Every structure is written in C-alpha cells, then in structure tokens.
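Take a look at the structure set out below.
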Amino acid sequence: MIRWLFDHSLRQKIPLWGAVLIICPTVFLSGLMMYHTYGDSKNSIVAGATALGRVLSKTLAPSLIHDDLWRAFEMVRAPMTTSGQPDGATPDTITVISPRREVVVSSDPQRLPTLSPISRLDRELWPISKPDFKISETRPAVIEEAGSQFIYMTFPIADRGLYLGALVIRYPRSHLYAKFWEVAIDSALLGLAVLVILLPVNWYWGQRMAVPLVKLASLMKGISGRPPEKFATESYGYKDELGQMFAAYNNMVDVLEEKAALERQVLSSNRLAAIGRLTAGIAHEINNPLSGMLTSIDTQEKLGTLDERSARAFGLIKRGLQQIRDTMGALLVEARPKKRWLEPRDLEDVRTLLQHEVATGRIDLQIVTDIPDRVPIPAGAVRQIMMNLLHNAVRAAGMAEAGEVRAFIAGIGADLVIRVTNNGETLNEDRLGDLFEPFVTNHEGGNGLGLWVTYQLVSQLGGTIDVNSDETQVEFIVRLPVAEDEKTS
Amino acid sequence: MKRLPKRNRREFMLAAAGLLVLPVGIRPAHGEGQVIRFGVTPAFLHDRQQVLKAWQTYMSRRLGKTIQFIRRDSYRETMELIRRNQIDFAWICDYPYLRLEDKVRLLAVPRYQGRPAYRSYLIVGTGDTTTKSYKDLSGKIFAYADPYSNTGYLAPRFEIRRQGDDPASYFRKTFFTWSHRKVIEAVASGLANAGAVDSYVWESLAKVEPELTGKTRIVWRSPEFGFPPLIAHAGNVGEGEFKTMQTLLLGMAADKEGRKILQSLNLDDFTIGNRSLYESVADMMRVFGEYPAR
C-alpha cells in the first residue's frame, strides 16, 4: 500500500510531497498558535482572578468576622456588574465558602443560596463540591477539572491567622473557547493564505522539475538497439544537476550514434571484402578456361580453314568470350603497384578526359590540387579512383539546376586525401548502405561497378573511403596512405 | 467606627476651615446660624440625589439660609447626631422619633396616598409562590432594613412575636441591609428568602424601577402606622425658626415648584400631624420593653 504511494510519477509526486511539506508545517504552526492562545487566555484569566481574589479576600474578612452578610454580598457582586476585566474575562460567579463547607454568600444567590452545603451544589462547584476535595487554607489555587466546564480559583480568607473561609472565583471555559476559536479561525485563514500563495508556486516548481525528468525517462525507456532521440535542452535551460544530467544524456546519445555508425561501417566493409574475395575467386576460375578458349579461336582464325558459317559462329563466340573477359577484368581489380608513381600531370589528364562530359552537362567543375612532383602511390589506381568519383559526380550534378563539382587532392600528413563533392541528388540511408556493392546502380546505363572498383582500389592501397550526404551536397573522402620508404626513394 | 463618606468629610473640613477664618461675632453653625443642618436617614431619600438637591435649593431660597443635608448610612448615626445636638431638623423614622421624643418636636407629617400613614410590607422573591405570611418563613434567611427601622425591623419582629414565636430564633439567619431599597435588592437577588420593607419605599421604587420591585412579591401588609415625621431639634431650633420651617413645608403643595418636589418624593403634601399617630408604634415598642408603659 505504502509502496504504491511512492510508485507514482514524479509529475504527481513532486507537487504532492511539496504540498504535504507545505501543509504539514502550516497546520502544525497554526495548532501551536492556538495552543499558545489557550494558555495565554488562561494565564490572563488567572492573573485577573489573582488580582481580584487578593483584594476581595482581604476586604471580605471584616464582613465575615462581623457576619455582615449584606456587605459581603455587595463586595462579591461588585466585580460582576463592572466589566473591568480584560479580554471579557469576567468571572461567572464569586462564592465564599465557610470552613464548614457551606455557602456564606455568593454573587448569584439563586443558584448558590446562602447556607447551602456545597456537597449539594455539584452543578455549580464540581469538583470543589466533592466531599474529599481539600480547599487550600494557605494559598491561592487554580482548579481545572477535565470534565468541568469551569475554571476555579480559590483564595483563603483569613484574619490574623484565623481561617474564615475560602473565596471561590469561577470562570466559564466558554470564554477561553470563544477566544480560542477566534484565534483558530484567524490562524486558519492565515494558513489558507499561505497555502494559496505557496501551493501554486510549489506546483509550478514541481512541473518545471518533473516534466523534463518524465520526458527523459520516456526517452531512455526507448533505448533498445537503436540510439534514442536527443533531449531538447531548451525545455530545461539551467546548469544544475538536472541540466548536467540532460547534457550527459545527449552526450551518451551521440556516443551511441557513433557506435552504431561504426558498426554499420564495419559490417559493410566486411561484406564488401567477402564479396571481393568471392568475385576474385570466380573471376580466376573463369579466366583460366577463358584464355584457353580465346587462344584456340585465334588459332582457328589464323589457319583460315573455316567456312563462312563457322567463321561467323566463331566470331560470335569470340566477342562473347571477350565480353566475359572484360567483365571479369573489371571485377578483378588490381592496383598493380609500382608501375609508375603519381605526378601532377596525371591529374591534368583526368581533367582533359572529363572535358567533353563536363561541357555537355554544363557543369561547373573545379579541381584544386596540392601535391608534390612525385607521390609514391601508383598513378593508374589514383587516376581510376579520380575518374570514377568525378564521372559519378558530374553525372549527379547534371541533374541539378546549376551543377557544381568540386575536387580537392592534397597530401595531408601521411595521407593523400581526395575529396569530391557535388550538389546533385542526395543519398538516403538505404542508398548509403549498399553504395559500394557491385552491380548496384542508380541510373540507366550504369553497370554498377564504378564505386565497387573504386572501393576495391582504395582497399588494396590500404586506404579508406567515406561518403557523407546532407541536404546541400554529397561528399566522398578518400584517404590513401603514402608509403614511407617509397616517398624517400 | 464608621468612616464618614468622602463628600461629607470634605464638607466638614471646609466648614471647619470656615470657622477658623470667620470674624468673631458670627455665630457658629449650630443653633440659629447661617447654615441649617437637615438630617436625612437612609429610609427614604438616601439614593435620590437629584430630588434632594432640588429640595435643598428650594428650602435655601425660601429661608434665605443655607440648608445642608446631612446623610448617614444608618439610622443610629443620625440618631447619634440628634443626641449630640448636631442637627437642627431631620426626617426620621417613627421608631427613632419615639426613642428621641424628649429631644425633638414634631414638625410635620408627610401625606402619602392621601393619608399620613404607611405600612410594613413582607416581600419574597417572585420564585417563591407558596409563602402567604410570616408563618411560612420559619428557618429561612430574612433581611431587615435597620435595627432602628419601624417597618423594616420593629413591625416584622412584632408580627412574629404576635404569632407566638421568638423573632431572635425564628429565622435561620437574619441580616441588616441598612436601607429599605437594599432589602428589596436582597430579596430580588435571592440572597434573602424574604424581607420587611417600608411600603412607601417599595411603592415609590415600583414607579421608577419596576424591574427591581418586579422581582419581589408582597405577601403581607401590616396595619397602618404614622408616616415617618419631620422633626425639629428641641434645643437647637427656636420657636420662630420652627414656625418658619413648618410654614414652608406646609406651603409646599401650594406652589408649583414645591408641588414638583413633592411629586418627585411621591408625597401629597405635609400636615401638622400629632403624637397620637404614632401610638401603635409605641405599643409595639412596649412589647419589646423599648418604650415606657402607659
């Protein structure tokens, strides 16, 4: 049951507990105030009664000695008619009780008749009327019985050590209660005012805290496999612990996203490597018999013994085999190292080769190069990587209004970096996933081998290729390591 | 020893101071002096300051002399002043009048409800619906007015004696309130079960404070007695002065201002009266051995 109370959302718990924390002290303080008021009222009654009782007990003594009932009556009646007491704490009745426990005189003879034994006056004098009740003969006393609706004060009346009787001043508790309720209502109103001010503040503050936390909790609940959404930091703009936690959460989302991207990349390169090994194996198996077949067809053609029909058939077979060889050749990418190192003029050649295509597509092509005279990287491979990337870029940019292609090639650190961007059609997640796989093409007439070949070349040279696509451009970045020893030679 | 009321003390001090600075030849205040001392007992007017003041002014103007009312809280004190020749005139109860017969002269008797007479009323609280006479009050708490009051002490004791009981032990407790008005208060509040009161005081109070008398019930009315007389001090007041004062009093009903005062006092007028009016009171006193036998 109690746990159930604590299992609720912070959205309810923070304002509720806040309200409890506000209401409890308010109620407690109000109660304390009321308790003190009761005590204060009682003290003021006791103080008033003490002053009255001391005077009366002294002035009554002669009347009691002379048995002057009328004078005694006038004395006990006087305080009842003059309302000189503070806080309306006028006594209810004043009674003089003889040592024989009879009423000598009282301010209200109808209810407390003279000479009546007090044991018959339970209604008026309980608990003093109890037979075993001992009225102090030496000092004033306050009598406050739990069941009684009155507070009594007794004062001994004595003349030179002779005890003449007791003066009993009675106050109804209703005076106290009236005062008590007055203050109770006041403090209840005050408490309400405090609550009216504090509860909305508490509610606002609770919402301010709870809403971002609740949002965060629901975001984190969504973490399973995929990286979750980021937290909108503007909904909590402070740098306290909560703000730090939201920031840390966002950092974690970043890390998760990076990790996911890395995983995707590793997965993709593993697949590409496997495909590479498979195609190379198949190509070799096909190339061996293919060479034999082409050689024997050549031999037959050179002999010139073939009739026309056979010669046509052989020609057909030969062209088919050659097409197979070309395809196999394309699949069997080889960097063929150390043939010739890269020089600036290789890049000039690339530009020249692309000129026709650029002109027909009305593309704005700019190539920035910053390489030394000789870079120890096989020139053929680099030329083919450049050609493939730029060929794709020019064709993609051709789709745009004003096609732009930018290429940049430079030695950065230990790497040769090639960066090619175009402002053509952007690539979505799916396209990016299988971009480098063979026979995947996005346009008619393509064989889907351009990027596959590029990837194989970059891989064989020990480099990396990355592709980024955003709203404005598609970017390919190739990093090729430059061999140390080759560079110096 | 009772202390003088503050005001009277001040007046006394002023008079004493006046005596010291007065030139020799002017007679002191007692006797036929400039100030006439008029004693009033708590029986009637004690609580009626305004009426008293009007009467004082009336008489002073008519006489061309200053009238000084001398009020005391008990009959005994006023009687003491007469005995010491410190009063010239007084309005006293029948009982003190008869006690001081050798020192005073009957000056005038007020007429009340057409007759120079009044009674003693036995009153109980309105809560008591059964009491019919003194016979029902044995063992009760009883309020007397004053030990020298006729209607408030002598008459009730006489009635108890007449029914064959001893007034000293008849009641469980008795006390004096020292004025008729306070007897009514004592009975109305319940302090006393019953009390004896002057019919003139009760009836007069019923006109001005009906809420007080309304808390009491008259259960018994005594026979008529001579109304409390106004007396002159036989030694202090000369014949001329006696006549002047008597004439003034008897003439009050004849003028407008005097009638107004009489009205306030709830009286008809003043008559000369005579000693025989008080014979029934003397008879009651004889029962208690307080008056010489015939």
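The values are calculated or read from the model by the stated rules, or taken from the named source; none is laboratory data. If you're wondering where the values come from, they're calculated on a predicted model, not measured in any experiment. Backbone-built Cβ (ideal geometry, glycine too); neighbour counts: all protein chains shown.
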**OP:** Give the residue, chosen from A:A313, A:A280, that is modelled with pLDDT under 85 and outside the structural domain of A:N392 (by TED's automatic domain parsing).
**Re:** A:A280
Original post:
Hey, among the residues in the range B:189-201 that are surrounded by 24 or more Cβ atoms within 10 Å (Cβ to Cβ) and not in a loop (DSSP other than H, G, I, E, B), which one's farthest from the other protein chains (Cβ to nearest Cβ)?
Top reply: B:Y200
Original post:
Within the set of pairs 6 or more residues apart or between chains, which connect a residue that is within 14 Å of another protein chain (Cβ to nearest Cβ) inside the range A:76-95 to a residue that is part of a helix (DSSP H, G or I) and at pLDDT 60 or above with Cβ atoms less than 6 Å apart?
Top reply: A:I94/A:V76
Subject >> Residue selected from the range B:167-181 under the condition hydroxyl-bearing (S, T, Y) and surrounded by 24 or more Cβ atoms within 10 Å (Cβ to Cβ), by the criterion modelled with the lowest pLDDT >> reply: B:S179
Original post:
In the range B:245-285, what count of residues is obtained for those that are surrounded by 14 or more Cβ atoms within 10 Å (Cβ to Cβ) and either part of a strand (DSSP E or B) or not acidic (D, E) (or both)?
Top reply: 27
**OP:** Go through the residues of the range B:46-56 one by one and say whether even a single one is within 21 Å of B:Y200 (Cα to Cα), modelled with pLDDT of 90 or more, crowded, with 18+ Cβ neighbours inside 10 Å and in contact with a helix residue (DSSP H, G or I) (Cβ under 6 Å, 6 or more places away or on another chain).
**Re:** yes
**OP:** Please enumerate the residues belonging to the range B:131-144 that are assigned to a loop (DSSP other than H, G, I, E, B) and more than 16 Å from B:R221 (Cα to Cα).
**Re:** B:S138, B:G139, B:K140
Original post:
What helices (runs of 4 or more DSSP H) lie completely within the range A:287-402 and have 3 or more residues being under 23 Å from A:D466 (Cβ atoms) and not small (G, A, S)?
Top reply: A:344-361, A:379-397
Original post:
Does B:L212 fit the bill of being away from every other protein chain (no Cβ under 14 Å) and over 22 Å from B:T130 (Cβ atoms)?
Top reply: no
**OP:** Identify the single condition in (1) crowded, with 19+ Cβ neighbours inside 10 Å; (2) outside any strand (DSSP E or B); (3) away from chain B (no Cβ under 14 Å) that A:I151 does not satisfy, given that it satisfies every other one.
**Re:** (2)
Original post:
When B:D128 is evaluated against the numbered criteria (1) within 14 Å of chain A (Cβ to nearest Cβ); (2) in a loop (DSSP other than H, G, I, E, B); (3) closer than 22 Å to B:T41 by Cβ, which criterion, by number, is the only one it fails?
Top reply: (3)
Original post:
Right, B:K182: within 14 Å of chain A (Cβ to nearest Cβ), part of a helix (DSSP H, G or I) and of a type in the set (D, E, K, R) or not?
Top reply: yes
Original post:
Under 8 Å by Cβ, and 6 or more places apart or on different chains, what pairs join a residue from the range B:88-107 that is surrounded by fewer than 21 Cβ atoms within 10 Å (Cβ to Cβ) with one that is of a type in the set (D, E, K, R) and in a helix (DSSP H, G or I)?
Top reply: B:L100/B:R83; B:K103/B:R83; B:L106/B:R275
Original post:
If you check A:T37, A:T50, which single one turns out to be in a helix (DSSP H, G or I), touching a Lys or Arg at 6+ places or on another chain (Cβ under 7 Å), away from chain B (no Cβ under 14 Å) and among the polar types (S, T, N, Q)?
Top reply: A:T37
Original post:
Restricted to the range A:160-176, and to residues that are in contact with a Ser or Thr (Cβ under 9 Å, 6 or more places away or on another chain) and assigned to a helix (DSSP H, G or I), which residue is nearest to A:A78 (Cα to Cα)?
Top reply: A:H175
**OP:** Would you mention how many residues in the range A:95-108 are at negative phi, surrounded by fewer than 24 Cβ atoms within 10 Å (Cβ to Cβ), assigned to a loop (DSSP other than H, G, I, E, B) and in contact with a helix residue (DSSP H, G or I) (Cβ under 9 Å, 6 or more places away or on another chain)?
**Re:** 2
**OP:** Scan the range A:409-444 residue by residue and report those that are touching a helix residue (DSSP H, G or I) at 6+ places or on another chain (Cβ under 9 Å) and assigned to a strand (DSSP E or B).
**Re:** A:I409, A:L416, A:I418, A:V420, A:T421, A:N422
**OP:** Identify, by number, the condition in (1) touching a helix residue (DSSP H, G or I) at 6+ places or on another chain (Cβ under 7 Å); (2) of a type in the set (A, V, I, L, M, F, W, C); (3) over 18 Å from B:V187 (Cα atoms); (4) at pLDDT below 95 that B:A145 doesn't meet.
**Re:** (3)
